[in-house]
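Trainee: Here's a structure for you.
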Amino acid sequence: MFGNMMHRPLSIIEILRFAVEAHPKAEVVSVRTEGDIHRYTYPECYSRVGKLAHALAKLGVKTGDRVATLAWNGYRHFELYYAIAGIGGVCHTLNPRLSAEQMIYITNHAEDRVMFLDTTFVPVIEALADKFPKDMHYVVMTDRAHMPKSGLNLLCYEDLIQDEVEEYDWPELPEETAAGLCYTSGTTGNPKGALYSHRSTVLHAFTAAISISDGLKEGARVLPVVPLFHVNAWGLPYAAPLTGASLIFPGGALDGASLFDLMDREKVTSAWGVPTVWLGLQSEISSRGRNPEGFASIIVGGSAAPRSLIAAFEKSGVTVCHAWGMTEMSPVGTHGILSAHHKDTLSKEELLDLKALQGRRVFGVELKIVDENGNRLPHDGEEAGELFVRGNTIISSYFNDTEATKAAMDADGWFGTGDVASINDEGFLIIQDRAKDLIKSGGEWISSIDLENIVMAHPEVASCAVIAVAHPKWDERPLLIIVPADVVRVAKEDIDALLLDHVAKWQLPDAIEFVDELPLTATGKVSKLTLRKQFADYKLPDMK
Ligand code: AMP
């Protein structure tokens, strides 16, 4: 027997409509590419979202169409999130830090029809437009006065929406309708798309709001340093209006000093981002000898947060919540908010030990760890295995990618994260290692296998391997280990030149080491584990 309750489809635009009615004074503040600060309330934002929806419809965007964005964190990007999803389109956030090759692949795979971009990225688009899908409309996210000159036919955002009416008759969409698309790096080959729905997005917003309630509440002023092109800034564009929190968007300047000034001026209470940006902010805090005014909490994730970083913030009175998640999970999987009994019974040092773990699962995300045969392992904090997840905010397949889907899902429909973890008897996740051959630098991925395949083409290289070396600022950086084909040791400049045809500059290895042979596993593969142990204390050039 079913219950007798209404069924209203979960809908993204309803979050903003709710904020307009329930939190009309909460703000969206943005550092603009134009160089100034822009601020408005959720009701003012909603009026522009309606106008934008009309403009999108006039550009021919229909249900299911992908609309790309290439932009920093700012109010126009936020408007696009709601207008595109509101009319049934898919907001596809492109990561500007990817290589040209990957951007070309992604826009074609996604079949983007319109691309919205910040002025910053006009040169990028000019170089790539002839490889992007044909007939793409390009809209620059600025006003007429700031439109750059270009050989491309560029439309102007403010011109497009200027004469449109504010009211839009939002369609009632089935809640499974696709709403957002974000690509993530594969171990090798092409990036893979996570296609979020209205349902998964709204449920994720609920989850974030109840799990990370310290930072997300009415009156909070939340700074997403995590970009809107990284898993929807961890869902903040939805969770903040849902809770009545204001959003402070930092634009493109993410260095410690810029963040400090913005946070201080805007009285940011909670800031979200990867460890690398918090290292920058922390050093700014030490040199100024104080915290930005009102600063109460940070949410750190995307890479393991060093215990020393957590300790430094906690010492200055800022609560740190260490979270873990993935693009494929919308992304939040676990969070590190501790229980009252921890605070009552544990010493300061023990509390820090606990905060350095990846925290406990959020409602709606189940975790299991398994051995190589898929057998479940106990949650005893000792046994480690690959971590699998299941829940309504986790992908059931990759977007139009059967191979990648097959590799990721197990027979029972759980998604394999590629992380190696243990879980203790209190439910705390402890990420131990990464089964996927990827390096994470400053929150962005580098594929070791891609680098190896390219380097192998060099005639002076007999074989090679790329491993991650721990780095104090970037978390991990790539080290290239080469077995020379002959006596000649290939120069780093030659390798860099070869790689730069395919990868972005920041993805180049930091150093090359030459060895006589690479260690092998029992099955004859290069043993990355042995190499990582061998080079565990390796100091890259900028660490010496
Ligand atoms: P992404 O899809 O880019 O968000 O990357 C997700 C991956 O980043 C995870 O599978 C982990 O390998 C890593 N990761 C994310 N958060 C953490 C964390 N708190 N500690 C350790 N690794 C993390």
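Trainee: Quick one: of Lys149/Lys505; Lys492/Lys539; Lys62/Lys192, which pairs are farther than 19 Å apart, Cα to Cα?
Mentor: Among Lys149/Lys505; Lys492/Lys539; Lys62/Lys192, the Cα-Cα distance tops 19 Å for Lys149/Lys505; Lys62/Lys192.
Trainee: For Glu14, put the label point 7 Å out on the Cα→Cβ axis and report which residues of segment 200-220 keep their amide N under 19 Å from it.
Mentor: Under 19 Å, as judged by backbone N against the label point of Glu14, lie 200-210 of segment 200-220.
Trainee: Over the chain, what is the relative contact order in whole percent, taking alpha-carbon pairs under 8 Å and six or more residues apart?
Mentor: It comes to 11 percent, rounded to a whole number.
Trainee: Right, here's the next one. Using only the Cα atoms of segment 358-399, build the gyration tensor, take square roots of its eigenvalues as a ≥ b ≥ c, and label the shape rounded, prolate or oblate: rounded if a/c is under 1.5, else prolate if a/b is larger than b/c, else oblate.
Mentor: oblate
Trainee: Each residue of segment 527-536 in order: what ³J(HN,Hα) in whole Hz does its phi give by Karplus 6.51 cos²θ - 1.76 cosθ + 1.60, θ = phi - 60°, with x for Gly and Pro?
Mentor: Ordered by residue, 3J(HN,Hα) equals 8, 5, 4, 5, 4, 4, 5, 4, 9, 4 Hz.
Trainee: Report the residues of segment 493-527 in range of a label on Ile104: point 7 Å along Cα→C-beta, backbone N strictly under 12 Å from it.
Mentor: 501-503
Trainee: What residues qualify as long-range amide H neighbours of Glu27, i.e. H under 5 Å apart, gap of 5 or more or another chain, H built at 1.01 Å from N?
Mentor: Ser246, Leu247
Trainee: Label Glu218 and Leu155 with points 7 Å out from Cα along Cα→Cβ: what is the distance between them in nm?
Mentor: The answer from the label model is 3.9 nm.
Trainee: Moving on. Kirkwood hydrodynamic radius, segment 64-148, all distinct C-alpha pairs: what's the number in Å?
Mentor: One over the average 1/r among Cα pairs gives 13.0 Å for segment 64-148.
Trainee: Determine which lysines satisfy two conditions relative to Lys315: a Cα distance under 18 Å, and not lying fewer than 8 residues away in the same chain.
Mentor: Leaving aside lysines fewer than 8 places away in the same chain, those within reach of Lys315 are Lys343, Lys348, Lys355.
Trainee: Once you charge only the Cβ atoms, +1 for Lys and Arg and -1 for Asp and Glu, what is the size of the charge dipole of segment 1-143 about its Cα centre, to the nearest 20 debye?
Mentor: 360
Trainee: Let me know the charge dipole size of segment 438-543 about its Cα centre in debye, to the nearest 20, where only the beta-carbon of Lys, Arg (+1) and Asp, Glu (-1) is charged.
Mentor: Taking the Cα centre of segment 438-543 as origin, the dipole is about 420 debye.
Trainee: Let me ask something else about it. Would you kindly derive the ³J(HN,Hα) couplings of segment 119-124 from the backbone phi angles with the Karplus curve 6.51 cos²θ - 1.76 cosθ + 1.60 (θ = phi - 60°), listing them in order in whole Hz, with x for Gly and Pro?
Mentor: Each residue's phi maps through the Karplus curve to give 3, 3, 9, 4, x, 4 Hz.
Trainee: Quick one: Cα centre-to-centre distance for segment 493-544 and segment 102-151, in angstrom?
Mentor: Centre-to-centre distance over Cα atoms comes out at 35 Å.
Trainee: Find the centroid of the Cα atoms in segment 12-67 and in segment 194-259, then give the distance between the two in whole Å.
Mentor: Going from one Cα centre to the other spans 15 Å.
Trainee: How would Val61, Val332 line up from fewest to most surrounding beta-carbon atoms within 10 angstrom?
Mentor: Exposure proxy ranking, most exposed first: Val61, Val332.
Trainee: Along the Cα→Cβ direction, 7 angstrom out, place labels at Leu520 and Gln432. What is the inter-label distance in nm?
Mentor: The modelled label-to-label distance comes out at 2.7 nm.
Trainee: Lys267 to His146: FRET efficiency via 1/(1 + (r/R0)^6), r the Cβ-Cβ distance, R0 30 Å, to the nearest 0.05?
Mentor: The formula returns an efficiency of 0.60 here.
Trainee: In nm, give the distance between the simple-model label positions of Lys343 and Phe535, each being 7 Å from the Cα along the Cα-to-Cβ direction.
Mentor: Placing both labels 7 Å along Cα→Cβ, they lie 4.4 nm apart.
Trainee: Could you name the aspartates and glutamates in cross-link range of Lys134, using Cα to Cα under 15 Å and dropping any fewer than eight places away on the same chain?
Mentor: Asp65, Glu111, Asp112, Glu126
Trainee: What helices does the chain hold that run 18 Å or longer along their axis, going by alpha-carbon atoms, with a Kyte-Doolittle average of 0.0 or more, using DSSP H for the helix calls?
Mentor: Correct list, ordered by number: 198-211.
Values quoted throughout were computed directly from the atomic coordinates according to the rules given, and no laboratory measurement underlies them. Values in this document were obtained by computation on a predicted structure and should not be read as measured data. Cβ atoms come from the backbone with ideal geometry, glycine included; neighbour counts cover every protein chain shown.
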